[in-house]
Structures are given as C-alpha cells and as structure tokens.
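Data first, discussion second: the structure below is written as structure tokens.
The values are calculated or read from the model by the stated rules, or taken from the named source; none is laboratory data. Since the structure is predicted, the reported quantities are computational estimates derived from the model, not experimental observations. Neighbour counts are summed over all protein chains in view; Cβ atoms, including those assigned to glycine, are modelled from backbone coordinates with ideal geometry.
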Amino acid sequence: MIGTTKGVSMADPADDLPTGDSDGPEFLVLGELVVRSRGRLVPLPGPSVRALLSALLLTPGDVVGEDRLLTLAWGADRGSRRALQCAATRLRTWLRTAVGPDALLEHAGSGYRLAVPAGSVDIARFRARVAAHARTDDPERSIALLAGALREWRGPVLGGHPEPVAADPAVREVEQARIDCAGALADLALRLGRPGTALALVEDAAAGAPYDEPLQARLIRLLTACGRNAAALRQVERVRRRLADELGVPPSREVLEAHAAALDGHGEPVPVPHQLPAAICDFAGRRDELAVLCAPLLSGGDRSGPLLLVVYGTAGVGKTALAVQAAHRAAPRFEHGQLYAVLRGPGSRPADPAEVLAAFLRALGVDDGRIPRSLHERASLFRSRAAGRRLLLLLDDAMDDAQLHPLIPGTPGCAVLVTARAPLAGPAGARTLRLDALPAADALTLLGRAAGRDAVTADPAAAEIVRMCGRLPLAVRVAGLRLARRPGASPARLAERLRPEHRRMDELAVRGIAVRPRLRENYRDLAPAHRRAFRLLGLLRTATFPEWAASAALGTGPDAARAHLEALADAALLDPLGEDAAGQVRYGLPALLALFARELALAAERPGTREAALRSAYGGWLHRAELAAREPAASWAAAWFEAEDEALATVAEQAAAQGFHDLGERLAKAVREHRARRRIGAAHRVRAD
C-alpha cells in the first residue's frame, strides 16, 4: 500500500504539486540530512538540536507531541523536558540565524510544530506525488508522478541516524512507501513498454530493500525488458545467494518467474497498444460493406495464417472511414492491441516500411537500442513479437504489395485491414472489397449528418446536391460542412452554386478539405498513357460507354484500349459494368470523376485532339445506329438500341453542342427510324394476335 500525504497542507496535489523555492529554505531528509537556504548549504546544528530537527521534519507542518519528540531525539534514555525546551530554544535560534524567517518552530499545546513553506521538504513532495498518482487515471501522468516521487530519494531516511529516528514506525512507513512506489512505477513502465524510464529509479530503491522479493523480481523484469539479460541473471543470482546465506530460504515464486523470463529473453508484460484513430461521427450507410469486413474479423475460426482484408476505391470514397469503423467494432477481439499506420505521406510520398516497423516495435515494447537496422531484420523481429498474439493492424493508403509485404505478421490470430487506391495482390487468401459511391439514400443521410441538420434531407435541393457530388462521400461531406458553416444557408442556394460545371470543383472545398486535390492524388498514380486515356474518356459525357467507344476516342486498337480501361478500373477511376444487353463490355465513369477528367482534358489536350476524340467516338455510335436502324428485325439491333438508349440521347445532344450538326441530325434520325419501325412492328403483332 503506497503511503498518503501527511504534514504540509495542499489544495490539490494532483494539479498543484508543491515545489521547492530556490530563494527559500529547503530541507532534505530522504537521505543524509541536508539544509539549504537561498540555494546554499547551511551547516547543521549540534547533535541534540539536529535530532530534534530530524524528528520534526518527518511530518513537517504537523504538531508532534513532547513525549514523541523525547523518544525520537533521545531514544530509550528519554531526555528531560528541560532538555527538550533547551534544544527547542537553540533550534529556534539556529533557524532564525542560519535558515531565515521562512522556517519557524512553534510551540502548540503539548508539542511543537515546524512551520515551513509548502514544497520545502522532500518527504512532503514525495508523499504529494504518490497521493496524486493514486488519484489519476492517466498512465502518462502517473508514470511522471511516480518517477518524480522516487527522484526525491538519495538514500535511507536521514542517512539511517540518529538511531531512534531510523527505527521509528513513521520512517519504516515512508521507506515502505518508496518500495511500493518503485513497484508501481515498474509495473506501469513494463505495461507501457518503456522499461528504460524506470530502471535506474527502481534499481536504487531495490538496493535499499535487498530482502523485498517482489521489488527484486520487478527489477529483474525491467533489466530483461531493457535487453540486459545478463544483468538480469546476475541480479537473480545475487538475490538467491543473499536469501540462502542470510535467511536460509529459497527465492519466492515471483523471483523464479522473473528468472524464467530472463532466461527466455522476454520482458513481461508486453504493452498493449491502442492506436486506432477516432471513428468519424457522421458515418452513414455501408451496412453491407461493414458486414463483409466484420464477419471474418469477428469469427473465431482457425486459420493457417493472418487474415488480410483490402478495401480499395477512388480517393474520397470513404475507405478510411469504413476501415476505422470496422476496426473499432472488431477491436475487443484483438486483446493484445491495435496498431495503425498511414502508408503515404504528404504529396503521396510512400512511407518507408522500415520506419513503420520501427514504430510498431516500439509500440510493442522494443526499446530503440534493440531495433535492428535492416528492413528484413525488423520485419523478422516484428513477426516474432506478433507470434502468439491477437493483433489488429490498420494500414491506411497502401501504395503497393512491396510496401505492404514486410508489415504483415506471419502467424494466425492477427488481422491486417488495408486501404488502398487500387487492388493489391497481397499474400494468398487476401480478401478484397471495392468501395464505390454511396447509394442515394445513404448519401442524403450523410449530407444531413455533416450539415448537423437532418431536416436538410427533406429539401428537394438536397437530392440534387447529392447527385452533383456524384454520391462521393468526401464531396457529400464537404457539401454538408458548407451548410453547417452557415446555419441559415439553404440547400437550394448551395445547389445553385454547384450547378455550373466549370466551378463545381471550386465549390467543393471547405476548411482545408477539398475534393480536387484528393482526386488528383489518384490521377498522379497513373502511368502517363493511362492519364491521357482518362482525360479523353471524360470528354464523352455519357454515363456509360462500351469498349469500342473507348477505342475510338483514344485512337487505339481494341487490345490497347482494353489495357487502358483495365488500368483505370484498377485505379477505381472507372466502373467495370460487365456485358450489356447487346453483349458489349461496358464501363461507367462516375459524374464527378468525369467532370474532373474534362477539367484535365481542357488544360492538357489541344482543341484539335479533343475534337478528333469526340468525332471518332460519336461517329462510332452513329455508324452502329444507322446499321441497326436498317435492320430493325434483327435481334441484335433491338438489343443494341436498348443498351445504348441513354448514351444515344447524350451523344445526340453533345454532338449538337460541339457543332457536329450533321452527325447529330443523322443520329437523331436513326433513333427516330428505329423507334418508328418498332412501333409498326408492335402494331402488326397486336393485329396478328
């Protein structure tokens, strides 16, 4: 049991701990008696006065009865009251002349009290810090308080003399409090993975308590945790020999367990890191995706290796928010800790996996001096530390498999949740989840939560805002934050500002959060040829398009176009939609990404290049439309018009807007002819029936 504060009165030692005043007196009793005044040593008084001063300093500020003072100062011989009064008079004189006016000896009732400034006596400072530790739940605050308390000690109380004082129960109590304090510091330092912060202080305390086996066991564990196994084993041998030679007893179970840990080379207990970032408060939707992630994380089935889950998608789609949400739900299952790292720095600079591993190893209790230099050795040590433990790793924004591979534990029980902009192969058995834009209803919910006003979702303009944001979570959140920033702002007003395409990206920015820079990060990850393909495909303005249209717009053959499309789909900049009703492989370009691509095309492509891409692609639609219109009875013609119905309307409109009047008119005519022939055919079938 750690001792409590006695003597000097303080309002709240946890927040206002007493400290010594360099201009005032200072009395040190946790070691040889030392007195200072204005920073200078004061010569001590004679033996009887010094004995009285020592007795009073054990409880500064408290009244000490005359009988107790006689026992403490003169021991079994018990001096007379006359001798006590004489010693008190000489002590007053010495305090006044040698120490100064801030230290007074007062007679109170049947005893004496030494009145000194708060914080001027080391034993009071020690007790105050111990008491503050007992009141705090903050481990960092606690470790600082305990360490500060132990630093007050320089040796046995009053150097072990005078003998009556050294044998007093109050002295034994404060020395036991030192042992308890050292034990608490050792336990906390081991739990936090910072044994080096406690080692020297616990070593000093253990030297003063050679027969206290719990404290000796803690010292052995600290030495082991600091990588000083040889020193730990020597300490075990010293304890064993001392107990055998002087007490004739074997070491306790605590010492034997610490000895076993030293032989194994493991300092225990290993700290448990909890590094997950806070979950966002306006998270909305993703119920199915959460289920996909949480099911394997929460399952207790045996596995042959670690679980690896990869969530990928375009920038701003909410990968990190989803992963953090899933990680928090699964965290209780990973009782040995959760580790977190961002794998890309500013400007998309990839994090060095060696540095990430060093941070993980420190979090798991490995001191800097024991962290190897090479990436290979760090990865090996990390796998060893993770073995047999249930750890959850959240690795955000991974660049590629080469960066990811060294960070993956090697044994079952661990799980790795990764976010990335493109799918990663990972080790065999990795599970991937592509994240796309939110459903309209969930996007509306997110808009209301980000705005702090659920009522905004009932405004008809809210649905338009969500649509213009492409249901991209980042864009929707930015729109909501803009509404939150001005409580009186209406969704209709924001929708009005978002409608002009040329300034929509500028409007989707608030408080340092912007959509354009995030999309640009994805774009910069692409190879130059794929960047050009993305720019040109944004010009089409159709929500979806078939492979051949991409080939026409890019001016490449089918195989080259397919390579571009697959690369863009892997980067989550295109949605692969599979085959349509006509058997054409189809892709979708989300509205906000298409707008971004057009911005890039206008800045990077010459007008002639842009026009040629559109004429080629729109011409492909015209050619196929005219061919299908001439063969209305053919099954493929009806299927093709069905698949391209929405795209044809957009192409006809955009052809006219671009000045391709002949192309637009011919396309509109082909569509009209097809629809007329379909109506005639349907009428004939009705009459036949």
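A few comments on the model shown:
- Checked against the criterion of being surrounded by 21 or more Cβ atoms within 10 Å (Cβ to Cβ) and assigned to a helix (DSSP H, G or I), the stretch 576-590 contains not a single residue that satisfies it.
- Close pairs (8 angstrom Cβ cut-off, 6 or more residues apart or separate chains): among the basic types (Lys, Arg) in the stretch 238-258, surrounded by fewer than 10 Cβ atoms within 10 Å (Cβ to Cβ) anywhere: none
- Unmet requirement for Glu254, which otherwise passes all of (1) acidic (Asp, Glu); (2) assigned by TED's automatic domain parsing to the domain that holds Val239; (3) at pLDDT 90 or above: (3)
- Among the residues making up the stretch 639-669, a single one is over 59 Å from the mean Cα position of the chain (by Cα) and either modelled with pLDDT under 85 or loosely packed, with under 13 Cβ neighbours inside 10 Å (or both): Asp662.
- Any helices (runs of 4 or more DSSP H) falling wholly within the stretch 487-552 and containing at least 1 residues that are surrounded by 15 or more Cβ atoms within 10 Å (Cβ to Cβ) and either hydroxyl-bearing (Ser, Thr, Tyr) or in the same structural domain as Asp575 (by TED's automatic domain parsing) (or both): 515-524, 528-538
- Candidate set from the stretch 128-183 (those that are at pLDDT 90 or above, more than 35 Å from the chain's Cα centre (by Cα) and of a type in the set (Asp, Glu)); member that is nearest to Ala198 (Cα to Cα): Glu152
- Members of the stretch 367-391 found to be at pLDDT 85 or above and under 19 Å from the mean Cα position of the chain (by Cα), listed by number: Phe382, Leu391
- Selection status of Thr432, surrounded by fewer than 23 Cβ atoms within 10 Å (Cβ to Cβ) and part of a strand (DSSP E or B): yes
- Residue within the stretch 394-401 that is at pLDDT below 90, more than 19 Å from Leu307 (Cβ to Cβ) and not basic (Lys, Arg) present: yes
- In the stretch 349-361, the residues that are within 14 Å of Leu339 (Cβ to Cβ) and either touching a helix residue (DSSP H, G or I) at 6+ places or on another chain (Cβ under 7 Å) or of a type in the set (Phe, Trp, Tyr) (or both): Pro353, Val356, Leu357, Ala358, Phe360, Leu361
- Val466 fulfils the conditions (1) buried (at least 23 other Cβ atoms within 10 Å of the Cβ); (2) touching a Gly at 6+ places or on another chain (Cβ under 9 Å); (3) aliphatic (A, V, I, L, M) except for a single criterion, (2).
- Condition check for Asp168: more than 30 Å from Leu72 (Cα to Cα) and not hydrophobic (A, V, I, L, M, F, W, C): no
- Single match in Leu104, Leu185 (criterion: surrounded by fewer than 16 Cβ atoms within 10 Å (Cβ to Cβ) and among the aliphatic types (A, V, I, L, M)): Leu104
- Among the residues of the stretch 376-392, those identified as surrounded by fewer than 23 Cβ atoms within 10 Å (Cβ to Cβ), out of contact with any Leu (no Cβ under 7 Å at 6 or more places or on another chain) and closer than 17 Å to Val272 by Cα are Arg383, Ser384, Ala387, Gly388, Arg389, Arg390.
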